């Protein structure tokens, strides 16, 4: 049952309408210092981003954001800071992916085809490196061993580079959520507002600045006041009677 829920959730992400504020190819230009920090201190950055994604409320922390079978069974409620530290150092790849899924589900963000190709290429290189290493170990060929080492180095380089770009992408999105881009300019054109329907599970498409109202998974409370660029969630809260009672004269 749990596996089917995960599969359904992955299929649902394909229908999300919003986009990341910056794609993976543009993260270096968007925030070059943070990209370098993510490259050299990946686990520390993953720790900070997960805590920030949880609105700095570690009482809501769950191992791997609840996306793996071990989630909720690692004593997170007793010592969430230690569990998160163990997650980012022992399961770094899963920690980055879990934060990504957490943001996607909260803001209804889809991943572009280009980003999917980059992530898929990273996985392909890792699998190729593993296969070459096994073949070189079985055959005992020195040439194959050298080739496997080269592919391993290339795979590690791509892996850490893509993870650094992904974490920078997450940081930029959190900056947008928390209103760190500043209020819109005085002469800016006001965004088009769209009404949400009760029977519409996915928000209607809109221009990226600003996106439609986002959902709130896991009962996380929103920050105090709507961030610039984000309309208040859950609008409209409830249908109103029209016309109001007592409107017509008796």
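Inspect all residues belonging to segment 18-25 and state whether any of them is more than 15 Å from the chain's Cα centre (by Cα), closer than 18 Å to residue 166 by Cβ and in a helix (DSSP H, G or I). Yes, there is a match, as at least one residue in segment 18-25 is more than 15 Å from the chain's Cα centre (by Cα), closer than 18 Å to residue 166 by Cβ and in a helix (DSSP H, G or I). For residue 82, the test of being farther than 29 Å from residue 16 by Cβ, loosely packed, with under 14 Cβ neighbours inside 10 Å and over 17 Å from the mean Cα position of the chain (by Cα) is passed. All of (1) on the phi > 0 side of the Ramachandran plot; (2) surrounded by fewer than 14 Cβ atoms within 10 Å (Cβ to Cβ) hold for residue 33 with one exception: (1).
Candidates in segment 97-122 are the residues that are in contact with a helix residue (DSSP H, G or I) (Cβ under 9 Å, 6 or more places away or on another chain) and within 21 Å of residue 153 (Cα to Cα); of these, the one that is surrounded by the fewest Cβ atoms within 10 Å (Cβ to Cβ) is 121. Just to be sure, is residue 140 farther than 22 Å from residue 40 by Cα and exposed (fewer than 13 other Cβ atoms within 10 Å of the Cβ)? Answer is yes for this residue. Of the residues making up segment 123-132, those that are surrounded by fewer than 18 Cβ atoms within 10 Å (Cβ to Cβ) and in contact with a helix residue (DSSP H, G or I) (Cβ under 7 Å, 6 or more places away or on another chain) number 2.
Based on what the data block shows, is residue 163 modelled with pLDDT of 90 or more, out of contact with any strand residue (DSSP E or B) (no Cβ under 9 Å at 6 or more places or on another chain), in a helix (DSSP H, G or I) and farther than 20 Å from residue 49 by Cβ? So residue 163 does not fit the description; no.
The values are calculated or read from the model by the stated rules, or taken from the named source; none is laboratory data. Here the structure is a predicted model, which means the values were calculated and not measured. Positions of Cβ are generated from backbone atoms using ideal geometry, with glycine treated the same way; all protein chains shown enter the neighbour counts.
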